Every structure is written in C-alpha cells, then in structure tokens.
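Worksheet: the structure to be examined is printed underneath.
The values are calculated or read from the model by the stated rules, or taken from the named source; none is laboratory data. Bear in mind the structure is a predicted one, so any value in this text is a computation, not a measurement. Here the Cβ positions follow ideal geometry from the backbone for every residue, glycine too, while neighbour counts run over all protein chains shown.
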Amino acid sequence: MSTLTLDVREVSKRFGDGETAVKAVDSVSLAVEPGEVVLIMGPSGSGKTTLLSMMGALLRPTGGTIHLDGTEISALTEGRLPDIRLRQFGFIFQDFNLLSALSVLENVAIVAELAGAGSRVARDKAAALLTELGLGERLDFLPEKLSGGEKQRVAIARALINDPALILADEPTANLDSKIGHEIMRLLRGIAKERGRSVVIVSHDQRIRDIADRVLWLEDGAFRDVVTMATDPVCEMAVERERAVRAERDGETYFFCSRGCRDEFLGGTLPDDSRHPRSEIAVR
Amino acid sequence: MLLARRNLFRDRTRFLLSVLGVAVSIGLILLLAGYRSGIYRQASAYLDHAQGSVVVAERGVRDFLGTSSVLPAGSEGAARQTPGVAQVTPVVSQFVIFEMHGRKDGFFLVGYDPAKGGGPWDLAEGREPAVDDEIVVDRTAARQHGLAIGDQIRLLDRDVTVVGLSGGTTFWAGSMAFARISTLQSLLRAPDLESFLLVSPAGGTSAAAIADRLSIPGTEVLLKGDVIANDRKLMARVYDAPIGLMVAIAFVVGVLVVGLVIYTATIERRREYGALKAIGARNRILYRVVALQALIAAVAGSVLGVGLAYGAATGLMAWRPQFQVEIEPVAIVFVLAASLLMAVLAALIPARAVARLEPAEVFRG
Ligand SMILES: Nc1ncnc2c1ncn2[C@@H]1O[C@H](COP(=O)(O)OP(=O)(O)O)[C@@H](O)[C@H]1O
Ligand SMILES: [Mg+2]
C-alpha cells in the first residue's frame, strides 16, 4: 500500500517559445496523501489551473515529473492517458460542465459506462451515489432544471462514480453563493475523510480555506512559503501547525497551544462548533 | 449510444432540418434513378412485349430505336425457311411527324400486320387498324392532344383516322403509334419494305440456336435481349451523364446538410465534449457519438426520402403521364447504402473538431 497518492516533483509548464514564452508553473513540488484535502490558493493568473491540469494528466508538463501511485503519468503516451483520467481522477469544474441533453442519472452513469460498466450496473451505481448525495429526487431532471449547488453535487457524483484515487476541483464554488459553496466544500471534505480519497481544490475563495488539511499559496507559478495555522479547539488561539502540540481523535488531527489544552481536550467533551480543526494561512 | 440520441433530440429543429436535408437528397436521387429506370423501361417496352426472341435487322444495325433498318428483299421468306423457326413477324418502324388540330408532334410509328403480330399489346380503346388509313395512337399522347377515336390526323401527304388507343406506349422522345405495315410501305413509297423481323423459335429450340442458323445475306441477327441492351446504351449515352451529375449534386448536398448541422451542434457542445474528454472519453467514443448522430439523421432521412420519392413519382406521373418513374427495389437498397455513406462523410466534418479539442480547455472559463 503506497502512502503517496500523487507526487509532483519540480514541475514546470511553459506556454509558447522564445520571447513570448509564459512560464505558468515554475518548478513546483507537492505530495498529496490519501485522504488529504489540499487547497491551492493564489491570485488570478498565478498558474493554479495549469498546475491542476497537469496533476490530472490533462496537460503535459514541460519539466519535472508527476507520479501517481508510483507510475510516472507525466511520461505516459497520449493513448494511455484517457484510462488514467477515467479511473484515477475525478474532475470537478467551475461551471459544472454537465451534459445538457442527459438527465442527472445519465450524466453520472455514462462515466461508469465509459469505464466499462454495463448500463444496468452503471445506472444502479449512479442512482445510489446520487441518492447518497441528496439528489434522489432529481434523478430524471435535466441539468438546466437544477440549482447551482445541485449541479455541482451531480458533478461530484460524476467525479466519484469510478472510485478515483484523487479528486481535482478547479474553483468549484466560484459559481455558487457562499452558503452553498461551503456545503459543497464540506461535502468534498467528507468524501476525503470517509472514503479516503485525496482532494485537491484550486480556488481563490478565502472563505473555503478552513475545510482544507493543507493550504498552499501559489504566486507567479511557484509556491510561496506559508505557515499553516490551526485554531486550538480549547483556548481558540491561532497556532502554527508545524510547531503545535497535536492529538488525534476520531481520525482527525487537532492542534494545541500547549499540553495543558491538549489534555483538557482529550479529557473533556468537545464543543460542537470546533469539530473541525481550523486552519489559517499566512504568507511569510 | 444514448448521448448521441439525446443530443440529437434535444435540438429538435436542427435534427428535423438534417433529416429533411437527407430526405430531399435521397428522395431526389431515388426519383432520378426511377426516372432513368422508367426511360429504360419505356425504351424496351415494345420489344419486351413483342413476340419472338431473335431480331433480324439490316447488316450493321444493332438497335431497334436509334437506326432505321432496311432488310434485303426476301429476308422474311428466308427466315421462314430456316428449320426451327416457328413464327416470323415483320415490322417497319419510322419516326414520323403527325399533325393534329394544327399541332405537330413526333411519333415512333410501327407498321405491322395484324395477322402476324407486332402491334399494340394493350389496346385500351377501339380496335386495330383494318385498312390503310387507320391508325392506333398512344393513349396518353392522344389525351394530351385532345384526340379521340374517329379523329383525323395528317400524316405526311394523307389523312388517317384514329381507330384505337394503346396503353403503355408512351415513349422517351414522343409516343408510339401503330398502323398496318402496308400503310407505311405506301407512305414511304417502298412497296416491300421491311425493317425488322421478330423471329420466334419452335418449342425445343433455343433463341441462340435459331440465331446461329439464321444466315440471311445482308442482315444482322441478334438476340432480342442484346437489341434491348443496345437500345438502353443509346438512352444511357443521352441520359446517364446529366442524371449522374444531378445524383452526385443531390448526394453532396445531403452530405453537406447533415455534416454542417451536426458540425454546428458539435461546436455548440464543444465544452461538453471537452469535459467528456477530460473525464477520460477517448476520441474514438466521441467520434462514435458524432457519427451516430449523423447516422440516425441519415437513416431517418432516407426513410422519409423513400416516401417522398414515391409521393413525388406518383404526383409526377399523374400530372405528366408521359413520364414514367420506376422506383426499383435495388435503387432503394442503393440509396440506403448511399445514406450510410452520407452519414460517414458527414461525420468527418465535425469529427475533426472533436479530435482537436484539448481536454485541458475545460478548465478555462
Ligand atoms: N493554453 C495557454 N496558452 C498560453 N498561456 C496560457 C495558457 N494557459 C494558461 N496560460 C497562462 O498561464 C498563466 C497561468 O494561468 P492559469 O493557470 O489559468 O492561472 P489561474 O488558474 O491561477 O488563474 C497565465 O498567465 C495564463 O495567461
Ligand atoms: Mg484558473
């Protein structure tokens, strides 16, 4: 069992040649572990989408390597990539990109069929997954009849249907209002934690960073140093993750300012609103 | 695949447009092919119905319709003497101009001996000519010219009376008319003129055997089937190029209509196809979706087109009875194959667009 899902090493992407070349991503390294939610933030044009496309084998890097469970996907021939995309990755797009002529159920089932499932099996699987995501009543709707949040949940179901190792989402909340956006992010986090999938989200939306296990800051195609902050669930102080006292509970990692707070936390009951380990980032 | 069907039916107007495009194209092709078959059918109608399986013509004459033939004197007698010959029907054929109610029209006039055969095979009204100034004319032509039994026609330097109307004798460049052989002989001032002999072999003798045995100096002996084929070649020389050209144009128009309709539909959904590609659909699958759309449109269109062709053919023949449109089963098979080819060619137009879609494009706004 590999401990790494995706290993991005010194990856670069240059568009164009010579004078007009644009270095969209410049020697970026990143490892994503199973069950981890990574949020990549950064200003517009910083290379987030380019990086995500390369991670999902949609775009070939001009330098560096990307390994998925030990396979160097950045070196695979074009002919082998569709299968990798189909089975290893689940993509979620900013504007949903559902197939407008197909029903909700068919939108999800078709992806299972592409991976070789029979139509009966694909539909059953899709129906079960959609029901789980709260769309049981919407199976026969056309996408145009759905709200934005529902559409994105269909897209999530579509991304999950083939049990991929990694979910890649580009600005998944950009077309949603903040409440719905938050719901979607929570859903993605739940998926990572309950199903052990890794989730990489690209966004410039500050409001969603608290659902991530790790927040990375991309600027001009490179990660800038960040200090990952967490909130002590007991005293509610902001602490640097790397230096904090940590404790595991119910599969979640919590960070504390001191042993005292940790002991209190492990001994006492958990206040409801601090179920989530809070993270903050600061650019240094 | 489901997606192809859904995509098609989602843009209903567009789908109907492409179906209609194919239907018109296929209908036109079928109609043209039927028109051609009809011409051929008309061209061989006389020989198809006349008795005999061997034709004797003047040396060098190999067809019935295109060339005038003058047999050497005594040919009929020689043919009768040939062993294995059961019956010999002499005919004279000549293109003539009739003048009727002040209007002129060309007729293919066949002179025959009612006692020996070679006359109208479907006498719709009236009777065969009993004397020299009587004539049977094609019923459709008669109707067009307002002729009825008892009417007079000016034929060269004499007047003849219409005594009968024949069916199935509409003709490619005019119509047929029938008179006694002696009428033609005196009209043409050639008392013993005979153009062709239609020879029937006796039972047990084959047409080929009779053809071998008939050696009459100055004549050409041919199987009736070969004469018909030569007549068709004559027609083909006139009609096949323009009809072929029109068929090709109709076909190309069909391909373009379907191709462009599917192309615009594909371009409109390029983001969706791009998303499918990003999700992991291979080009092959997207081609299939696109090609299937073209195929559905083509098949639906050709079914409608066959219906259109039958409708148009019936209408045309009712309106202008001299046109005969014969839609043959083989032509239907041919156009169905053509519609499949149409779909394949039409799908090539959008397939290129699909192939060029970059999967990474979907992440771009
Ligand atoms: N296909 C491309 N061709 C040329 N330049 C590109 C292409 N894609 C992205 N870029 C450039 O790369 C940089 C990073 O773009 P992008 O990855 O979309 O950033 P972000 O998603 O962070 O807004 C931008 O300067 C952009 O113009
Ligand atoms: Mg972007």
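Among the residues making up the stretch A:158-170, those that are over 16 Å from residue A:98 (Cβ atoms) and either more than 16 Å from ligand 2 (Cβ to nearest atom) or not hydrophobic (A, V, I, L, M, F, W, C) (or both) are A:162, A:163, A:164, A:165, A:166, A:167. Hey, among A:83, A:124, A:95, which residue is surrounded by fewer than 22 Cβ atoms within 10 Å (Cβ to Cβ), within 16 Å of ligand 2 (Cβ to nearest atom) and at negative phi? Answer to the selection: A:95. Against the test of being within 16 Å of ligand 1 (Cβ to nearest atom), away from chain B (no Cβ under 14 Å) and in contact with a Phe, Trp or Tyr (Cβ under 7 Å, 6 or more places away or on another chain), the options A:28, A:11 yield a single qualifying residue, A:28.
Exactly one residue among B:8, B:65, B:17 is assigned by TED's automatic domain parsing to the domain that holds residue B:304, of a type in the set (A, V, I, L, M) and at pLDDT 85 or above, and that residue is B:17.
Just checking, which of B:179, B:190, B:207 is at pLDDT below 90 and in contact with a Leu (Cβ under 7 Å, 6 or more places away or on another chain)? The unique qualifying residue is B:207.
Cβ-Cβ contacts under 9 Å between residues 6 or more apart (or on different chains), taken from a first residue in the stretch A:201-221 that is closer than 14 Å to residue A:46 by Cα and charged (D, E, K, R) to a second residue that is away from ligand 2 (no atom under 15 Å from the Cβ) and assigned to a strand (DSSP E or B), are listed as A:219/A:283; A:220/A:23; A:220/A:26.
Listed here are the residues, each with its yes/no results for (1) surrounded by fewer than 17 Cβ atoms within 10 Å (Cβ to Cβ); (2) more than 23 Å from residue A:143 (Cα to Cα); (3) assigned by TED's automatic domain parsing to the domain that holds residue B:31.
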position	(1), (2), (3)
B:241	yes, yes, yes
B:251	no, yes, yes
B:254	no, yes, yes
B:261	no, yes, yes
B:286	no, no, yes
B:290	no, no, yes
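Being modelled with pLDDT under 90 and within 24 Å of residue B:109 (Cβ to Cβ) is a property that holds for residue B:232.
Hey, any hits in the stretch B:11-22 for a residue that's small (Gly, Ala, Ser), within 14 Å of chain A (Cβ to nearest Cβ), surrounded by 18 or more Cβ atoms within 10 Å (Cβ to Cβ) and closer than 26 Å to residue B:337 by Cβ? Checked the stretch B:11-22: no residue is small (Gly, Ala, Ser), within 14 Å of chain A (Cβ to nearest Cβ), surrounded by 18 or more Cβ atoms within 10 Å (Cβ to Cβ) and closer than 26 Å to residue B:337 by Cβ. The test for being small (Gly, Ala, Ser), within 22 Å of the chain's Cα centre (by Cα) and more than 9 Å from chain B (Cβ to nearest Cβ) holds for residue A:126. The residue list A:44, A:53 contains one member that is within 11 Å of another protein chain (Cβ to nearest Cβ), over 27 Å from residue A:196 (Cα atoms) and within 16 Å of ligand 1 (Cβ to nearest atom), which is A:44.
Restricting the stretch A:182-209 to residues that are within 16 Å of ligand 1 (Cβ to nearest atom) and β-branched (Val, Ile, Thr), the residue that is nearest to the other protein chains (Cβ to nearest Cβ) is A:202.
When the residues of the stretch A:24-57 are filtered to those that are more than 17 Å from residue A:217 (Cβ to Cβ) and surrounded by 24 or more Cβ atoms within 10 Å (Cβ to Cβ), the one that is farthest from ligand 2 (Cβ to nearest atom) is A:57. Checked against the criterion of being touching a residue at least 12 places away in the same chain (Cβ under 8 Å), among the hydrophobic types (A, V, I, L, M, F, W, C) and part of a helix (DSSP H, G or I), the candidates B:327, B:296 yield just one match: B:296. In this structure, is residue A:64 within 16 Å of ligand 1 (Cβ to nearest atom), more than 10 Å from chain B (Cβ to nearest Cβ) and not hydroxyl-bearing (Ser, Thr, Tyr)? Considered against the rule, which asks whether it is within 16 Å of ligand 1 (Cβ to nearest atom), more than 10 Å from chain B (Cβ to nearest Cβ) and not hydroxyl-bearing (Ser, Thr, Tyr), residue A:64 comes out as yes. When residues in the stretch B:345-364 are screened for being without any contact (Cβ under 8 Å) to a residue 24 or more places away in the chain and more than 16 Å from ligand 1 (Cβ to nearest atom), 1 of them pass.
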